[in-house]
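The values are calculated or read from the model by the stated rules, or taken from the named source; none is laboratory data. Note that the structure is predicted; figures quoted are calculated from it, not measured. Here the Cβ is made from the backbone with ideal geometry for all residues, glycine too, and neighbour counts use every protein chain on show. Please note that ligands, DNA and RNA were not included when accessible areas were found on the heavy atoms of the full protein model with its side chains. Shrake-Rupley method; radii C 1.70, N 1.55, O 1.52, S 1.80 Å.
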Amino acid sequence: MANVTVVGAQWGDEGKGKVIDWLAARADVVVRFQGGNNAGHTIVTGNSVYKFSLLPSGVAQGKLSIIGNGVVVDPWALIEEIERVRGQGLAIDPAHLVLADNAVMVLPLHRDLDRAREERAGPNKIGTTARGVGPAYEDKVGRRAIRFVDLADPDSLDAKLERLLAHHAPLRAGLGLPAIAIAELRALILSIAPKVAPYVKPAWRVLNSELAAGRRVLFEGAQATLLDVDLGTYPFVTSSNTVAGQASAGAGVGPKAGGYVLGIVKAYTTRVGEGPFPAEQKNDIGERLGQRGAEFGTVTGRKRRCGWFDAVLARQSVTIGGIEGVVLTKIDVLDGFDTLRVCVGYRLGGERLDYLPAGMRDQAACEPIYENLPGWKETTAGIRDFDALPAAARAYVRRIESLIGVPVVLITTGADRDDTIVMADPFEA
Ligand code: GDP
Ligand code: IMO
Ligand code: MG
């Protein structure tokens, strides 16, 4: 199998960045296919820590990195990120970074709307990252978005902006936001244009010619299955499809190009923002997982909610997304627990369920059914060989495999690039 598609299989922050960086050493091209700068992917190599929100994680290894048409891109955030990682010594140039000309721009008015709506919603808020990602996708589907290709045609920009503002003006007025003048928005957009222009290309053509030349491509998912707008815990989701099937539409390649579907699961569960979380531990256990796992959001710095591994949800993500194997990350965070619990079903109104139902009320009412597994006292941090793991840790991995129905192909035992146990190479699977 030539290519690999990496997707989160919980609620995000599973450690996709680390895994993608590790796999990137074996790939030629890395492509993002959805999401925006709501994502935060961390890569740790020796003394350097890189945090990517828009840049594909392949830039850490100097690979050809493509921001596909399915991504919504805040050009100011992109330029800031490029400058930041350049300051860390990474070479970002048009030979290594391509931005799809048909990708949609996230504008300041999208951020305004995201924030204003969340403030208005009070206790009913989603807990978004406030980056304007949801409103930008709304405008894309509403056929009034500004795309990067539009920067090359300033003469017709006013007509496009009129269409966009015809929608936003009443919304802004209703939310008490100041009106926007077309001329100002036009000037703002055109002022960033020269900075992004060198990267803007028909990304689908670049990618398809790489594929035709037999190069190995790694498709980098952001967010995760349970945040998928169709398949996740709606409405507490992000505004894009996050499953592997989106790699095709979001990068402009055929549905078979994605290759092996690799799901990333943390050895426990976390979630940022609002929404149901059956195995959540609002107690000392959750605190301990959060402390040991340094569970603070990469993008917003918010404390992540923590709980036990939920095998029902992981299995559901595997089924929905066609996941063929998983990476079990952050197993070192579980070191030192006497007993570990794994959610294996839900109780709902006297019934036992082996899946998470779609309704908001039912999701909130699902009570976890746990299986207890023995913990281990030894440290697993930095272990790079499966046989060197404590017996109880090996048993934990094996139990998860049998509960979710696919093999664990990699295990990570630390944030560093090299703290990785390889059971099977996904590129060779
Ligand atoms: P992503 O959004 O899925 O890429 O994940 P994030 O980067 O937002 O969050 C994962 C965090 O866990 C990052 O701070 C990583 O450096 C860290 N991390 C990744 N793998 C491991 C691991 O095996 N052990 C520990 N302790 N930390 C890890
Ligand atoms: P990575 O790629 C974790 C969550 C937000 C919120 C919901 C909607 O780092 O795993 P949005 O700003 O997308 O409209 O917010 O989705 N969310 C994430 N949670 N990891 C992410 O990305 C996320 N991206 C969005 O916290 O609950
Ligand atoms: Mg993250």
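Among residues that are touching a residue at least 12 places away in the same chain (Cβ under 8 Å), within 16 Å of ligand 3 (Cβ to nearest atom) and out of contact with any helix residue (DSSP H, G or I) (no Cβ under 6 Å at 6 or more places or on another chain), residue 297 is included. Taken over region 112-126, the criterion of being in contact with a helix residue (DSSP H, G or I) (Cβ under 8 Å, 6 or more places away or on another chain) and either surrounded by fewer than 17 Cβ atoms within 10 Å (Cβ to Cβ) or in contact (Cβ under 8 Å) with a residue 24 or more places away in the chain (or both) is satisfied by 112, 113, 116, 117, 120, 125, 126. Of the residues making up region 184-195, at least one is touching a residue at least 40 places away in the same chain (Cβ under 8 Å), farther than 25 Å from residue 27 by Cβ, open to solvent by less than 60 Å² (accessible area, probe 1.4 Å) and touching a Pro at 6+ places or on another chain (Cβ under 7 Å). Go through (1) within 22 Å of residue 298 (Cβ to Cβ); (2) open to solvent by 20 Å² or more (accessible area, probe 1.4 Å) for residue 263 and report which single condition fails. For residue 263, the failing item is (2). Among the residues of region 127-142, which ones are open to solvent by less than 40 Å² (accessible area, probe 1.4 Å) and under 22 Å from residue 51 (Cβ atoms)? Scanning region 127-142 gives 127, 129, 130, 132, 133, 134, 136. Taken over region 34-50, residues that are in contact (Cβ under 8 Å) with a residue 40 or more places away in the chain and more than 16 Å from ligand 3 (Cβ to nearest atom) amount to 3. Listed by first and then second residue, the pairs linking a residue in region 239-252 that is more than 24 Å from residue 127 (Cα to Cα) to a residue that is open to solvent by 10 Å² or more (accessible area, probe 1.4 Å) and part of a helix (DSSP H, G or I), with Cβ atoms under 6 Å apart and 6 or more places separating them unless they lie on different chains, are 244/321; 252/204. Note on region 143-175: residues that are open to solvent by 20 Å² or more (accessible area, probe 1.4 Å), in contact with a strand residue (DSSP E or B) (Cβ under 9 Å, 6 or more places away or on another chain) and not in a helix (DSSP H, G or I) total 2. The set of residues in region 16-50 that are buried (at least 24 other Cβ atoms within 10 Å of the Cβ), within 10 Å of ligand 2 (Cβ to nearest atom) and part of a loop (DSSP other than H, G, I, E, B) comprises 34, 35, 36, 37, 38, 39.
Report whether or not residue 257 is closer than 25 Å to residue 364 by Cα, aliphatic (A, V, I, L, M) and away from ligand 3 (no atom under 16 Å from the Cβ). Spelling it out, it is not the case that residue 257 is closer than 25 Å to residue 364 by Cα, aliphatic (A, V, I, L, M) and away from ligand 3 (no atom under 16 Å from the Cβ).
Yes/no per residue for (1) assigned to a helix (DSSP H, G or I); (2) touching a residue at least 12 places away in the same chain (Cβ under 8 Å); (3) buried (at least 19 other Cβ atoms within 10 Å of the Cβ):
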| position | (1), (2), (3) |
| --- | --- |
| 340 | no, yes, yes |
| 347 | no, yes, no |
| 361 | yes, no, no |
| 370 | no, yes, no |
| 382 | no, yes, no |
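Among the conditions (1) open to solvent by 30 Å² or more (accessible area, probe 1.4 Å); (2) without any contact (Cβ under 8 Å) to a residue 12 or more places away in the chain, the only one that residue 330 does not satisfy is (2). Scan region 2-15 and tell me whether some residue there is part of a strand (DSSP E or B), away from ligand 1 (no atom under 12 Å from the Cβ), buried (at least 24 other Cβ atoms within 10 Å of the Cβ) and among the small types (Gly, Ala, Ser). Taking every residue of region 2-15 in turn, none turns out to be part of a strand (DSSP E or B), away from ligand 1 (no atom under 12 Å from the Cβ), buried (at least 24 other Cβ atoms within 10 Å of the Cβ) and among the small types (Gly, Ala, Ser). State which residue is modelled with the highest pLDDT when the search covers only region 1-51 and only residues that are over 29 Å from residue 279 (Cβ atoms) and of a type in the set (Lys, Arg). Among residues in region 1-51 that are over 29 Å from residue 279 (Cβ atoms) and of a type in the set (Lys, Arg), the one modelled with the highest pLDDT is 32. Of all residues in region 213-231, those that are within 16 Å of ligand 1 (Cβ to nearest atom) have Cβ atoms under 6 Å from Cβ atoms of residues that are of a type in the set (Phe, Trp, Tyr), 6 or more apart or on another chain, in 219/33; 224/11; 226/11; 227/11. Which one is most open to solvent (accessible area, probe 1.4 Å) among residues in region 284-305 that are among the hydrophobic types (A, V, I, L, M, F, W, C) and under 18 Å from residue 129 (Cα atoms)? Within region 284-305, the match that is most open to solvent (accessible area, probe 1.4 Å) is 296.
Counting only residues that are within 16 Å of ligand 3 (Cβ to nearest atom) and either under 19 Å from residue 176 (Cα atoms) or among the hydroxyl-bearing types (Ser, Thr, Tyr) (or both), region 114-130 holds 3 of them. Pairs linking a residue in region 51-77 that is among the charged types (D, E, K, R) to a residue that is within 16 Å of ligand 3 (Cβ to nearest atom) and at pLDDT below 95, with Cβ atoms under 6 Å and 6 or more positions apart or on different chains, are 51/298.
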